[in-house]
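So the structure is just underneath, and the comments pick up after that.
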Amino acid sequence: MYKIGNIYFIAAVAVIGGALFGFDISSMSAIISTQPYLCQFNQLGHNEKGLCLGPTNDVQGGITAAMPGGSWLGALCSGFVSDTFGRKRSIQIGSVIWIIGSIIVCASVNIPMLVVGRIINGFSVGICSAQVPVYISEIALPSKRGRLVGFQQWAITWGILIMFFICYGCSFMKGTAAFRVPWGLQAIPAALLFLGLVFLPESPRWLCKKDRWDEAKDVLTLVHGKGNPNSPWVHREMQEIREMVEFERANADVSYFELFKPNMINRTSIGVFTQIWSQLTGMNVMMYYITYVFTMAGLADGSENAVLLPSGIQFVINVVMTIPALLWMDRWGRRPTLLVGAFFMCLWLCVNAGLFAVYSRPARPGEFTSPAESMAITGAPAKAVIASTYLFVASFAPTWGPVSWTYPPELYPLRLRGKAVALCTSANWAFNFALAYFVPPAFANITWRTYVIFATFCAAMFIHVFFMFPETANKPLEEVEEIFDDTKPGAIKYIGTPAWKTRNTRNLTLKQEHNDTLSSEEKIGFEEHAHKETTGR
């Protein structure tokens, strides 16, 4: 069958798997404050105005958390699925599961049915969110890897934006169609993902791992060699993959336990905490419950739909501000991007905490429909809260958003990559689940101090990144191994090259990729310079 070799087209199709996560976020955040939803799943009765109050805080937290709970399980299983059936086939399996979950969610008549459907949807998202970055990172050139894997985050932001405005439009519909229509429409992208993947090649590294060397070379020739099987770049890439595969086969069989051995525990902790910290920024919490925050800031204006449009602005900001990372992430490097993001997110969270602490008042009985909307703030301070929230999103979008998906697949050797990234992504979903459940009761009970908790996490992640997260930008995946080699002079036991001594080697990588006719002297000089830049010595 004809296969498409354009790497940007490959990435564009694959990251639809990320868009599924975005659809789920906004299909919940845009709907939880609307009357059709609150009346269909009503547990608290009605307020003085006759409006439905919907499910309790704990139940709403459970409904929201059902998706990341399923994603946690899906991410853990994705390593086995991916290693067995292939990167591409595992994503196709995830797309089929998503369609099944969307049908159940769309047809939900009660809370248990809704929760089951969201768990199934989550299982799909867990598979796709773990294996799409692995698939792209294994097929992309080093100089383009960050940008292409970053498309995953951009696809998530587009999924959030598109589904949010679909939900906004449907919010004017009468009855349960207001939420059933968008919940049903989200099955369409999964069908497109499944069909699109039929025309894409499999990961060449996975093919080599399965001794399908000719197929792997064909993929590299198609994607990187522009149809020329004698391309020096294809030959060099095949040689590096062959050496790595043969080396790994000389070692023990792969299991999750190997990720916790002394020589792997450092990079396992780095990958896992990359995903944990991305959740503890509070960004996805902002996405799920933004209508609560803006209602407390006075944007509801007596209408259940009035708060949706200004809430949608943050999703537009999220899409637009992800673009700089796609263009320049590989130039910036991973470490500086994460450090800058953590600093500014901490700043805006502190601003919101201070504004609510000083200028808000407790919500009056019956003033809002949800107990989580526990404060009210008006005037200039309310506008400052809205602005600070937008700036928080603008700080996350070009930093932790795309890098948290790009970074983990770069850390691990081929034989461990599928399971390692699955473990990292499962940590993301475990904390997503916990935070989705935690936030409504947190706003109800500790109010503005919720922001202080997330600001503290951002400060902690800044310190952690500075001391422990090495630079991996623009390095072939096989070369990253050298960073963690703790037998070299100057290396730290079980850690390898100190993180703050690692450097971005963008210019050298570009020269290696695009100049396949280097002289012997140039190659020797390049290798010496690259080694110095990589290790900081």
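The values are calculated or read from the model by the stated rules, or taken from the named source; none is laboratory data. Owing to the predicted nature of the structure, the values given are computational and were not obtained by experimental measurement. Backbone-built Cβ (ideal geometry, glycine too); neighbour counts: all protein chains shown. Only protein heavy atoms, including side chains, enter the accessible area calculation; ligands, DNA and RNA are left aside. Shrake-Rupley method; radii C 1.70, N 1.55, O 1.52, S 1.80 Å.
Can you say whether S143 is outside any helix (DSSP H, G or I) and in the same structural domain as T34 (by the TED database), as far as the supplied structure shows? Considered against the rule, which asks whether it is outside any helix (DSSP H, G or I) and in the same structural domain as T34 (by the TED database), S143 comes out as no. Of the candidates F179, F172, the single residue that is assigned to a loop (DSSP other than H, G, I, E, B) and not assigned by the TED database to the domain that holds A306 is F172. The single residue among L299, L327, L309, L259 that is in contact (Cβ under 8 Å) with a residue 24 or more places away in the chain, farther than 20 Å from I160 by Cβ and either open to solvent by 20 Å² or more (accessible area, probe 1.4 Å) or among the β-branched types (V, I, T) (or both) turns out to be L327. Look at (1) open to solvent by 50 Å² or more (accessible area, probe 1.4 Å); (2) of a type in the set (F, W, Y); (3) closer than 25 Å to S33 by Cβ; (4) under 21 Å from the mean Cα position of the chain (by Cα) and you find that W154 fails only one, number (3). Taking the criterion of being open to solvent by 30 Å² or more (accessible area, probe 1.4 Å) and among the basic types (K, R), the residues of segment 406-459 that qualify are R415, K419, R449. Taken over segment 439-474, the criterion of being among the hydrophobic types (A, V, I, L, M, F, W, C) and in a loop (DSSP other than H, G, I, E, B) is satisfied by I446, W448, F469, A473.
Here's the yes/no breakdown for (1) surrounded by fewer than 24 Cβ atoms within 10 Å (Cβ to Cβ); (2) more than 21 Å from F454 (Cα to Cα):
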site: I317; (1), (2): yes, no
site: R331; (1), (2): yes, yes
site: F344; (1), (2): yes, no
site: L349; (1), (2): no, no
site: L355; (1), (2): yes, no
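Taking the criterion of being aliphatic (A, V, I, L, M) and over 19 Å from V439 (Cβ atoms), the residues of segment 461-473 that qualify are I463, V465, M468, A473. Return the residue satisfying two criteria in turn: it lies in segment 181-221 and is of a type in the set (S, T, N, Q) and surrounded by 22 or more Cβ atoms within 10 Å (Cβ to Cβ), and of such residues it is nearest to I120 (Cα to Cα). By that ranking, first place goes to Q186. Return yes when F462 is surrounded by fewer than 13 Cβ atoms within 10 Å (Cβ to Cβ), in contact with a Phe, Trp or Tyr (Cβ under 8 Å, 6 or more places away or on another chain), assigned by the TED database to the domain that holds E410 and modelled with pLDDT of 70 or more and no when it is not. Answer is no for this residue.
State yes or no: is G126 of a type in the set (G, A, S), touching a residue at least 12 places away in the same chain (Cβ under 8 Å) and assigned to a helix (DSSP H, G or I)? So G126 passes the test. For F23, the conditions (1) surrounded by fewer than 22 Cβ atoms within 10 Å (Cβ to Cβ); (2) in contact (Cβ under 8 Å) with a residue 40 or more places away in the chain all hold with the exception of (1). Here F41 meets each of (1) more than 17 Å from the chain's Cα centre (by Cα); (2) open to solvent by 30 Å² or more (accessible area, probe 1.4 Å); (3) farther than 24 Å from I188 by Cβ with one exception, condition (2).
Restrict the check to segment 417-429 and report whether at least one residue is under 20 Å from the mean Cα position of the chain (by Cα), within 18 Å of F294 (Cα to Cα) and not assigned by the TED database to the domain that holds T157. No, every residue in segment 417-429 fails to be under 20 Å from the mean Cα position of the chain (by Cα), within 18 Å of F294 (Cα to Cα) and not assigned by the TED database to the domain that holds T157.
Could you check segment 146-180 and list, in sequence order, the residues that are basic (K, R) and in contact with an Asp or Glu (Cβ under 7 Å, 6 or more places away or on another chain)? Result: R147, single match.
If you go through segment 30-62 and keep only what is touching a helix residue (DSSP H, G or I) at 6+ places or on another chain (Cβ under 6 Å), outside any loop (DSSP other than H, G, I, E, B) and closer than 20 Å to I104 by Cβ, you end up with P36, Y37, Q60.
Within segment 473-498, residues that are open to solvent by less than 40 Å² (accessible area, probe 1.4 Å) sit with their Cβ atoms under 7 Å from residues that are among the small types (G, A, S) and at pLDDT below 70, at 6+ positions apart or across chains, in these pairs: T497/A491; T497/G536.
Note on segment 86-119: residues that are open to solvent by less than 60 Å² (accessible area, probe 1.4 Å) and over 30 Å from A216 (Cα atoms) amount to 13. From the set of residues in segment 467-509 that are under 24 Å from L327 (Cα atoms) and more than 27 Å from the chain's Cα centre (by Cα), which is modelled with the highest pLDDT? It comes out as N507.
Only one residue in I111, I100, I104, I136 is under 20 Å from R415 (Cβ atoms) and either in the same structural domain as A178 (by the TED database) or free of Cβ contacts under 8 Å to residues at least 24 places away in the same chain (or both). Which one? Sole residue among the options that is under 20 Å from R415 (Cβ atoms) and either in the same structural domain as A178 (by the TED database) or free of Cβ contacts under 8 Å to residues at least 24 places away in the same chain (or both): I136.
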